[in-house]
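Below you'll find the structure, written out as structure tokens, and then a few comments.
Coordinate-derived values only; no laboratory data. Note that this is a predicted model, so its numbers are computed, not measured. Using ideal geometry, Cβ is built from the backbone for each residue, glycine included, and neighbour counts are taken over all protein chains shown.
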Ligand SMILES: Cc1cc2nc3c(=O)[nH]c(=O)nc-3n(C[C@H](O)[C@H](O)[C@H](O)COP(=O)(O)O)c2cc1C
């Protein structure tokens, strides 16, 4: 991809790997400009009455609030392993979720299933809540939040 395009490239990483940092380091070495973390986690649901998987494909990708702790852990590890920007994605549904993602080391925050559930108005709600969180907790700018929870 790096040889094919001159546009900035952000590589999206999957969480279900033993060491996400090693994969991030490899893609940065190959020319990635940023990392997007994370994609969904392989999962499944079973309907106990029907005794069958709920999804027609049997398994699928888990997103939303249940994914947030995994996403935070990945972003936290990645922020200590690479110096390119990280787009923290996974379970961000509120301004406080966005603040946590920035504190884990994300430069930007991605919102997926919250848009599917709430529509595009969720972006204004999250940014409004984030502004309120910042003023209530003494943060003047996003840079003050970024990496705040890192060692
Ligand atoms: C309906 C839906 C479709 C998605 N399609 C893609 C896709 O085509 N490519 C991709 O990289 N990730 C896709 N994702 C994953 C999201 O971009 C995101 O990484 C993941 O859902 C975690 O973020 P979230 O908890 O905010 O949804 C999709 C997620 C959802 C819910």
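Per residue of the chain, what 222 nm ellipticity follows from adding -39500 (n - 2.57) for every DSSP H run with n ≥ 4, rounded to the nearest 500?
Dividing the helical sum by the residues of the chain leaves -10500 deg cm²/dmol.
Report the residue, chosen from 79, 114, 51, that carries the largest GNM mean-square fluctuation when the chain is represented by alpha-carbon nodes joined by springs under 10 Å.
Comparing 79, 114, 51 in a Gaussian network model of the chain, the most mobile one is 51.
Calculate how many DSSP beta bridges within the stretch 10-145 are antiparallel, expressed in % of all such bridges and rounded to the nearest 5.
Bridges in the stretch 10-145 are about 35 percent antiparallel.
Could you list the residues of the stretch 89-112 with an amide nitrogen less than 15 Å from a label point located 7 Å from the Cα of residue 33 in the Cα-to-C-beta direction?
Backbone N within reach: 108.
Of the candidates 69, 18, 85, which one comes out as most mobile in a Gaussian network treatment of the chain with C-alpha springs shorter than 10 Å?
18
Fully extended, how many nm does the chain gain between residue 14 and residue 56 (0.36 nm per residue separation, minus their Cα-Cα distance)? Present the calculation step by step, with values, prior to reporting the outcome.
Details: separation 42, 0.36 × 42 = 15.12 nm, distance 2.23 nm.
This chain segment gains 12.9 nm when fully extended.
Based on Cα coordinates alone, diagonalise the gyration tensor for the stretch 10-145, multiply each eigenvalue by 5, take square roots, and list the semi-axes in whole Å, largest first.
Over the Cα atoms of the stretch 10-145, the semi-axes work out to 27, 22, 11 Å.
When the chain is treated as a GNM, springs tying every alpha-carbon pair under 10 Å, which of 56, 135, 127 comes out with the largest mean-square fluctuation?
Looking only at 56, 135, 127, the largest GNM fluctuation is found for 56.
Give me the one-decimal nm value for the distance between modelled label points at residue 3 and residue 148, 7 Å along each residue's Cα-to-Cβ direction.
With each label placed 7 Å out from Cα toward Cβ, I get 4.5 nm.
Need the C-alpha centroid separation for the stretch 118-144 versus the stretch 1-40, integer Å.
Each part reduced to its Cα centre gives a spacing of 27 Å.
Work out, step by step, the length gained on full extension between residue 117 and residue 25: first 0.36 nm times the residue separation, then minus their alpha carbon distance; give nm to one decimal.
Contour length minus Cα-Cα distance gives 29.8 nm.
What spacing in nm lies between the two simple spin-label points modelled at residue 83 and residue 47, each 7 Å away from Cα in the Cβ direction?
Reported label-point gap for residue 83 and residue 47 is 5.4 nm.
Given the stretch 1-70, what percent of its DSSP beta bridges are antiparallel, to the nearest 5?
Looking only at bridges with both residues in the stretch 1-70, the antiparallel portion is about 55 percent.
Using the C-alpha gyration tensor of the stretch 1-69, what are the square roots of 5 times its eigenvalues, in whole angstrom, with the largest one first?
Whole-Å semi-axes of the equivalent ellipsoid: 33, 13, 10.
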